[in-house]
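Before any comments, here is the structure.
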Amino acid sequence: MKKFLKSFKVCFIILGVLAVFYFGLTGIHSLTGSLKNGSRENTECTTEERVFDLADVLSDKEEEKLRKLIARREAQTGCDIVLVTLNESLREYAYERQEYVAEDKYVMIYADDFYDEHMFGYDKPQGNGVLFLDNLHREDDGWAYSWLCTTGKAEGKYSSSMIDHLLEKSYRWSKLSPYLGYKAYINQFYHDMNGFGFVSINFSVPIILIVSLVTAVGFVLCNLGSEAGKKTTTANTYVKNGKVKINHREDRFIRKSVAQHRIQNSSSGGGHGGGGGGHHVSSGGVSHGGGGHRH
């Protein structure tokens, strides 16, 4: 019993070290981010609100949780972090500003204008920040679109692949609940801006540690009464009638047959897709970056 439990001692120690390392590094990033960015300098922003749930998909409690999380992440990143939800067609809105617009760019125009008109920006009006627009309405092409608008140092930081990753992660969590999807957006932005994205590729490190620990404990408990560790051979296992008995078996390779099949690839991603929008200038003359997602 003692030997069996002792064999898992190293695993528990490694899991503990990883947990301490992760939470310690997270704390350092949080502290240094807040010290580096200082206090917010933009005094011309037209609102202190950051969560605009116009589609009414969040509860009051969930909105308040997101506001508190955003306030902390803004200080740690030096960027305004804005969330907007809609459930309406943006076709007419987009065509009032441009002669022709593709369906997937309606959300881009709205998000850019929303950011500019409210003068968001941590350092100055229309400065450092990010806005995530999630429109639940399906346009004429049958798709619902979302857009990540980046401005200032966030525009310079984000590549198309990083935008795709953030939007895809938010989309996956939103399948469980909109709140979890928007929370993932805020936290992933924090990780990306602080160069901490390597621990948050597709899943949460704390969850991995907890699952690993539970799995290890479960394995130990399930095997306490098993035959593990007992001897399976004796001095007479390979002796018969006073002579050594060794069973000899072998597999003989006769022939080789190779089958080839063509694998069809699809860029649709099972009904949802993403893409970096690149750098562009909004109708208000402000430089933005961004990318979209459809589902």
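The values are calculated or read from the model by the stated rules, or taken from the named source; none is laboratory data. Because the structure is predicted, anything quoted here is derived from the model rather than measured. All Cβ positions, glycine included, derive from the backbone under ideal geometry; neighbour counts span all protein chains shown. Protein only, heavy atoms only, side chains kept; ligands, DNA and RNA dropped before computing areas. Shrake-Rupley method; radii C 1.70, N 1.55, O 1.52, S 1.80 Å.
Residue-by-condition table, conditions (1) without any contact (Cβ under 8 Å) to a residue 24 or more places away in the chain; (2) part of a helix (DSSP H, G or I):
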residue: TYR100; (1), (2): yes, no
residue: ASP112; (1), (2): no, yes
residue: GLY121; (1), (2): no, no
residue: GLN126; (1), (2): no, no
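Please tell me if MET119 is open to solvent by 60 Å² or more (accessible area, probe 1.4 Å) and touching a Cys at 6+ places or on another chain (Cβ under 8 Å).
Judged against the criteria, MET119 is a match.
Residues being in contact with a helix residue (DSSP H, G or I) (Cβ under 7 Å, 6 or more places away or on another chain), of a type in the set (Ser, Thr, Tyr) and closer than 14 Å to LEU133 by Cα: count how many of those fall in segment 77-117.
Here the count works out to 2.
Quick one: GLU74 ticks every box in (1) among the charged types (D, E, K, R); (2) modelled with pLDDT under 95; (3) touching a strand residue (DSSP E or B) at 6+ places or on another chain (Cβ under 8 Å) except a single one, so which number is it?
If we test GLU74 against (1) among the charged types (D, E, K, R); (2) modelled with pLDDT under 95; (3) touching a strand residue (DSSP E or B) at 6+ places or on another chain (Cβ under 8 Å), just (2) comes out false.
Output the number of the condition that ALA94 fails; it satisfies all remaining conditions of (1) surrounded by 20 or more Cβ atoms within 10 Å (Cβ to Cβ); (2) among the small types (Gly, Ala, Ser); (3) in a helix (DSSP H, G or I); (4) out of contact with any Phe, Trp or Tyr (no Cβ under 7 Å at 6 or more places or on another chain).
(4)
Checking CYS45 against (1) at pLDDT 95 or above; (2) touching a Gly at 6+ places or on another chain (Cβ under 8 Å); (3) assigned to a helix (DSSP H, G or I); (4) not β-branched (Val, Ile, Thr): exactly one of these is not met. Which one?
CYS45 satisfies every listed condition except (3).
Which one of these is touching a residue at least 24 places away in the same chain (Cβ under 8 Å), assigned to a loop (DSSP other than H, G, I, E, B) and more than 16 Å from SER287 (Cβ to Cβ): ASP134, ASP141?
Selected residue: ASP141, the only one of ASP134, ASP141 that is touching a residue at least 24 places away in the same chain (Cβ under 8 Å), assigned to a loop (DSSP other than H, G, I, E, B) and more than 16 Å from SER287 (Cβ to Cβ).
Which of the residues spanning segment 147-179 are in contact with a strand residue (DSSP E or B) (Cβ under 6 Å, 6 or more places away or on another chain) and open to solvent by less than 10 Å² (accessible area, probe 1.4 Å)?
Within segment 147-179, TRP147, LEU148, CYS149, THR150, THR151, ALA154, ILE163, LEU167 qualify.
Inspect all residues belonging to segment 48-56 and state whether any of them is surrounded by fewer than 17 Cβ atoms within 10 Å (Cβ to Cβ), touching a residue at least 60 places away in the same chain (Cβ under 8 Å), among the hydrophobic types (A, V, I, L, M, F, W, C) and in contact with a helix residue (DSSP H, G or I) (Cβ under 9 Å, 6 or more places away or on another chain).
Checking segment 48-56: at least one residue is surrounded by fewer than 17 Cβ atoms within 10 Å (Cβ to Cβ), touching a residue at least 60 places away in the same chain (Cβ under 8 Å), among the hydrophobic types (A, V, I, L, M, F, W, C) and in contact with a helix residue (DSSP H, G or I) (Cβ under 9 Å, 6 or more places away or on another chain).
Scan segment 113-154 for residues that are of a type in the set (Ser, Thr, Tyr) and touching a Ser or Thr at 6+ places or on another chain (Cβ under 7 Å) and jot them down. Outline the logic, then answer.
Initial filter on segment 113-154 (of a type in the set (Ser, Thr, Tyr)): 115, 122, 145-146, 150-151.
Within segment 113-154, just TYR115 meets the criteria.
Yes or no: ARG40 open to solvent by 10 Å² or more (accessible area, probe 1.4 Å) and in contact (Cβ under 8 Å) with a residue 24 or more places away in the chain?
Against the criterion (open to solvent by 10 Å² or more (accessible area, probe 1.4 Å) and in contact (Cβ under 8 Å) with a residue 24 or more places away in the chain), ARG40 qualifies.
Scan segment 188-199 for residues that are in a helix (DSSP H, G or I) and surrounded by fewer than 18 Cβ atoms within 10 Å (Cβ to Cβ) and jot them down.
GLY197, PHE198, VAL199
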